[in-house]
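To start, the structure itself, in structure tokens.
The values are calculated or read from the model by the stated rules, or taken from the named source; none is laboratory data. Owing to the predicted nature of the structure, the values given are computational and were not obtained by experimental measurement. Every residue, glycine as well, gets a Cβ built from its backbone with ideal geometry; the counts of neighbours run over all protein chains shown.
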Amino acid sequence: MTKQLKILHIEDNPADAGLIARELKQSGIDFTVKVVETKNDYSSALKNYNPDVILSDHSLPQFDSIEALSIYNENNFEIPFILITGSVSEEFAIRCIKEGADDYILKNNLVRLPSAIKQALKARRMEADKRRVNMELEATNKELNTFIYKAAHDLRGPLCSIMGLTKLAEMEGEKANFKDLIHKISESTLKLDAVLLSLIDVMSIKDTMPVLSKIDLRSLIDIVIKRLKYVEGYEDLKFKVSIENKKSFFSDESILNSVLYHILENGIKYRNLSQPGPYIDIWVLDVDAGVKIEIKDNGIGIDAGIKDRIFEMYFRGTEDSKGSGLGLYLVANGIKKLGGTVGVESKLNNGSVFTITLPTDLNMT
């Protein structure tokens, strides 16, 4: 163990406390210890000392190990609690284990204490890892269920439109509004294609490992901006790109392309139609952690009440949004995959600034 352990020791006998500290030192454990003997001192130390391990004598003048264990359980601590006592019955030991103690040690057999602490710490770490994995799995399953439901809904809409419009076109034949029906079919097809491309991006980012290559950010940003020319409103905006980074930059070009596309597309969609001279400024510079990309617009901005939710799957900021609700979700997951961070500062009717920080080489994170 390389970390210095913080041990909280409930003991009213200084001689016994000294023997236990000596045994731990002889075993090579690096630790600091806080000895308490009253209920109030114990409760205070739990909050302020932040121990890694609790060692408890069974019987003290003011309270005993069962009460100490009860207070420990009430606070939902996830650290080892080991009972150390002069004598204990088998029934009492079983009761302590059932109520949450990790182990019990007899004071005439302290040689077992160091290994008991190490084993308890290992078991607690394994339990914490298991809980974390289960929580992540539960969150993933919930996210997947939402993804499937919303994907089916979003795909069903334009498909129904296409089927209905096609039927009308068959009935109309060569009538005057036939051309208008074909145009509407084309619009629904493009909407369906956009949904499918978003779903493909989601699965690609989630299921593939990044493939690293040296990135020319100027070239990549130019490519992304050209991709955006078919987005409604593109021609209204002025793009300004400032590249000031000097470091070599290695990342996954496909994921980064998708991330930049969806942030810039968002800026186009939410441009402020009442604002003269709508723009998107992109600024790239070196920082200690790697490369920072700032994307600033003077669009409609984001209400403070929803800012913390914009990276959620299928979250739409306004009722007028016609997007899939996956764009910024893709951004958050893509940046995470690249080992970076993304944040946003925005005020309603006063534009937004997205800030991305990425390592210069994902292999070094």
Regarding Val211, is this residue within 17 Å of Thr341 (Cβ to Cβ) and of a type in the set (A, V, I, L, M)? no
When region 61-114 is examined, which residues are found to be in contact (Cβ under 8 Å) with a residue 40 or more places away in the chain and exposed (fewer than 14 other Cβ atoms within 10 Å of the Cβ)? Pro61, Glu78, Val111
Report, by residue number, each residue of region 254-302 that is part of a helix (DSSP H, G or I) and without any contact (Cβ under 8 Å) to a residue 40 or more places away in the chain. Asn257, Tyr261
Complete set of residues in region 214-224 that are under 29 Å from the mean Cα position of the chain (by Cα), free of Cβ contacts under 8 Å to residues at least 12 places away in the same chain and assigned to a helix (DSSP H, G or I): none
Before we move on, is Leu113 touching a helix residue (DSSP H, G or I) at 6+ places or on another chain (Cβ under 9 Å) and modelled with pLDDT of 70 or more? yes
Only listed residue being among the charged types (D, E, K, R), assigned by TED's automatic domain parsing to the domain that holds Asn350 and more than 20 Å from Leu328 (Cα to Cα), chosen from Glu235, Glu294: Glu235
Number of the exception - Asn349 against (1) crowded, with 18+ Cβ neighbours inside 10 Å; (2) more than 16 Å from Val231 (Cβ to Cβ); (3) modelled with pLDDT of 85 or more: (1)
State whether one or more residues within region 252-274 are closer than 18 Å to Asp201 by Cβ, of a type in the set (Ser, Thr, Tyr) and touching a strand residue (DSSP E or B) at 6+ places or on another chain (Cβ under 9 Å). no
Give the residues of region 1-34 that are of a type in the set (Lys, Arg) and assigned to a helix (DSSP H, G or I), sorted by residue number. Arg22, Lys25
If Arg227 satisfies all but one of (1) modelled with pLDDT of 85 or more; (2) more than 25 Å from Leu328 (Cβ to Cβ); (3) among the charged types (D, E, K, R); (4) in a helix (DSSP H, G or I), what's the number of the condition it fails? (2)
Test Val224 against the criterion of being aliphatic (A, V, I, L, M) and surrounded by fewer than 16 Cβ atoms within 10 Å (Cβ to Cβ), and give yes or no. no
